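Since the structure comes first, as structure tokens, the remarks are kept for the end.
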Amino acid sequence: MPLVTSAEMFKKAYNGGYAVGAFNVNNMEIVQGITEACREERAPVILQVSKGARAYANHTYLVKLVEAAVAECPEIPVVLHLDHGDSFETCKSCIDGGFTSVMIDASSKPFAENIEITKKVVEYAHDRGVVVEAELGALAGIEDEVQVAAEDSHYTRPEEVEEFVSKTGCDSLAIAIGTSHGAYKFTAEQCTRNEKGELVPPPLRFDILKEVVKRLPGFPIVLHGSSSVPQAYVQMVNANGGKMPDAVGIPESELREAARSAVCKINIDSDLRLAMTGTIRQYFAEHPDHFDPRQYLKPARANIKELVRHKLVDVLGCAGKA
Ligand code: G3H
Ligand code: 13P
Ligand code: ZN
């Protein structure tokens, strides 16, 4: 089937008590690892491209890679989504350039300005059959282009969501309930330690999610910054020349709980990066004389695939839903 929007996907996810995985793509191996897992598990999927990914790999290459995956996986619905569009122009370029979904992230702007920019993108997108994700609240953490210090982050204010959605006409809403971008989501001071000495992050604010859902019944909610930062991969990095002390993510049990509610889209990027980097570091430690990229990218792609499979089956609950 051709690329689809997320409209039908979100309706089914909302009613079915699961979430669709939104995975960031930057190169061929990542696209293949994700989509092979989704095809085998019969899972719908959102492939998302950030501004940084477009700067790195080029818009056309990424669109063609996703089109290749669609051709290889005709059984599953695939959305091509712009992640964290920072302006009307970036969104327009993706809408005109073959994307079926865009995010306009004006969450760092004042409320009225966020509404104004989002509305403009929605009007342009809807006229062309493209759907729009918007954001209210500010996640802490680091993306390529945006860095939000912990003191500048703030939770979504539930009392703002109805006005925002009705005035903008957006199709889904990303909210801030304590998730965070990157592999270092929380400082050691924000965490407690369990009996094994591992860092345990503060729990997500499910009370805010509940309040949002009460005000927007039936409306799809999105969670960004939802990597779990698997400690096995952090250890693989650190055991093979890397240095990622105290990297910590969102517990998968909390994401599973969110996926059962109105959360229809869960964004995962850092976990894929960790799987790829850990695998490549270990490969080189074990094969210092190898230099063929196919040799080390093959196990990296295979580990991305298995990680995505685990997310689909055990965290998102979307396996078998395509
Ligand atoms: O939330 C952002 C994604 O992880 C994309 O990151 O801007 O480094 O491509 P990036
Ligand atoms: P992570 O950094 O937790 O993977 O979040 C990715 C994300 O939100 C992309 O928009
Ligand atoms: Zn994000």
Restricting to the stretch 260-276, and then to whatever is within 8 Å of ligand 2 (Cβ to nearest atom) and part of a strand (DSSP E or B), can you tell me which residue is farthest from the chain's Cα centre (by Cα)?
Ile268
Specify the residue that is nearest to Leu80 (Cα to Cα); the eligible residues are those in the stretch 106-130 that are in contact (Cβ under 8 Å) with a residue 40 or more places away in the chain and crowded, with 23+ Cβ neighbours inside 10 Å.
Val130
May I ask you to say which residue of Ala174, Ala138 is modelled with pLDDT of 95 or more and within 16 Å of ligand 2 (Cβ to nearest atom)?
Ala174
Every listed condition ((1) in a loop (DSSP other than H, G, I, E, B); (2) in contact with a Gly (Cβ under 9 Å, 6 or more places away or on another chain)) holds for Ile208 save (1)
For the subset of the stretch 248-295 comprising residues that are under 22 Å from Gln48 (Cα atoms) and of a type in the set (Asp, Glu), which member is farthest from ligand 3 (Cβ to nearest atom)?
Glu252
Selected residue (criterion: nearest to ligand 1 (Cβ to nearest atom)) from residues of the stretch 180-213 that are out of contact with any Pro (no Cβ under 8 Å at 6 or more places or on another chain) and charged (D, E, K, R):
Arg205
Enumeration of residues in the stretch 214-228 that are surrounded by 18 or more Cβ atoms within 10 Å (Cβ to Cβ) and not in a loop (DSSP other than H, G, I, E, B):
Ile221, Val222, Leu223
What about Ala258, is it in contact (Cβ under 8 Å) with a residue 60 or more places away in the chain, closer than 27 Å to Asp105 by Cβ and touching a Phe, Trp or Tyr at 6+ places or on another chain (Cβ under 9 Å)?
yes
Extreme residue, nearest to ligand 2 (Cβ to nearest atom), among residues of the stretch 117-135 that are more than 12 Å from Ala174 (Cβ to Cβ) and either of a type in the set (D, E, K, R) or not in a helix (DSSP H, G or I) (or both):
Val131
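Conditions (1) farther than 22 Å from Ser226 by Cβ; (2) within 14 Å of ligand 1 (Cβ to nearest atom); (3) without any contact (Cβ under 8 Å) to a residue 24 or more places away in the chain; (4) buried (at least 18 other Cβ atoms within 10 Å of the Cβ), marked per residue:
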| site | (1), (2), (3), (4) |
| --- | --- |
| Gly33 | no, no, no, yes |
| Ile46 | no, yes, no, yes |
| Gly52 | no, yes, no, no |
| Lys64 | yes, no, yes, no |
| Ala68 | yes, no, no, no |
| Cys73 | yes, no, no, yes |
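The values are calculated or read from the model by the stated rules, or taken from the named source; none is laboratory data. As the structure is a prediction and not an experimental result, all values here were calculated from the model. Every residue, glycine among them, receives a Cβ derived from its backbone with ideal geometry; neighbour counts consider all protein chains shown.
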